[in-house]
Structures are given as structure tokens and as C-alpha cells.
Amino acid sequence: MIGKTLLKNLTKNGTSDICLGAIDGKHIMIECPKNGGSAYFNYKGFHSIVLLAVCDATYCFTFVDIGDYGSLNDASILSETSFGKAFENNPTNFNVPCLPFMELRPCHML
């Protein structure tokens, strides 16, 4: 049911009819943990952990992942989450309910 609501809101708001949300990562500054090495050091020049989130058309979080190394990029973090793995394993059958007029097209987020 969540997928149906997201799709309806995104379509109503003038965005793509196959987009389920927007995704982005945010670096949260931290003190480097003991023996953390360069894993937490990001491209912005400070130590961080990453908050990766997906939001729907009404600005509500639908997925959040917090705590990966600051040296990682959004794509590599997403690919290791259950959400990312589900999408990678079968992107055309992402198991998200579609609106009736969408039955012939796959519903997924890119």
C-alpha cells in the first residue's frame, strides 16, 4: 500500500509516474574513532558517517540507513542495504503495487 500512495502523490505532484522517491546521502561530522584510519575520512575533508535516505513526494522518509563510513559514496552504501539489494536483484519486479493505469509498466525507483 505504501508504494501505491507514493506513486499517486508523485504523479499528482507532476513528477515521473515510475519514480517512488528521491534519494540522497548526508555526511554527519564525527571525531575519528580510535583506529578508524581513513575509512571515516570523506572527500569533503573531514571524518563522518553517512545518513542515506529516501523521501516521498510529501517529504516523508520511506527508507533510512545511518552509520556507514564517510569514505563511501551513496551508490555503494545503497547497494549494501536490503532496499538496494531488493532493487538490484529484480528491478523490473520491485514488488511495489502500481496504480491501475500502470499495470503494463514496471514500477521502480532509479
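The values are calculated or read from the model by the stated rules, or taken from the named source; none is laboratory data. Bear in mind the structure is a predicted one, so any value in this text is a computation, not a measurement. We place every Cβ from the backbone using ideal geometry, glycine too, and count neighbours over all the protein chains shown.
Observations on the model:
- Among residues of the range 34-79, those that are out of contact with any strand residue (DSSP E or B) (no Cβ under 8 Å at 6 or more places or on another chain) and not hydrophobic (A, V, I, L, M, F, W, C), counted: 10
- Number of residues in the range 34-56 that are more than 23 Å from Glu88 (Cα to Cα), of a type outside the set (S, T, N, Q) and either in contact with a Gly (Cβ under 9 Å, 6 or more places away or on another chain) or at pLDDT 90 or above (or both): the value is 10.
- If you go through the range 46-56 and keep only what is surrounded by fewer than 18 Cβ atoms within 10 Å (Cβ to Cβ) and part of a strand (DSSP E or B), you end up with Leu51, Ala53, Cys55.
- Close contacts from the range 21-43, counting a first residue that is surrounded by 13 or more Cβ atoms within 10 Å (Cβ to Cβ) and a second that is acidic (Asp, Glu), with Cβ to Cβ under 6 Å and a gap of 6+ residues or different chains, come to Gly21/Asp56; Gly25/Asp74.
- Criterion: in a loop (DSSP other than H, G, I, E, B), more than 18 Å from Phe83 (Cα to Cα), over 16 Å from the mean Cα position of the chain (by Cα) and among the hydroxyl-bearing types (Ser, Thr, Tyr) - qualifying residue of Tyr59, Tyr43: Tyr43
- Residues of the range 63-88 satisfying the condition of being of a type in the set (S, T, N, Q) and over 13 Å from Asp24 (Cβ atoms): Ser71, Ser76, Ser79, Thr81, Ser82
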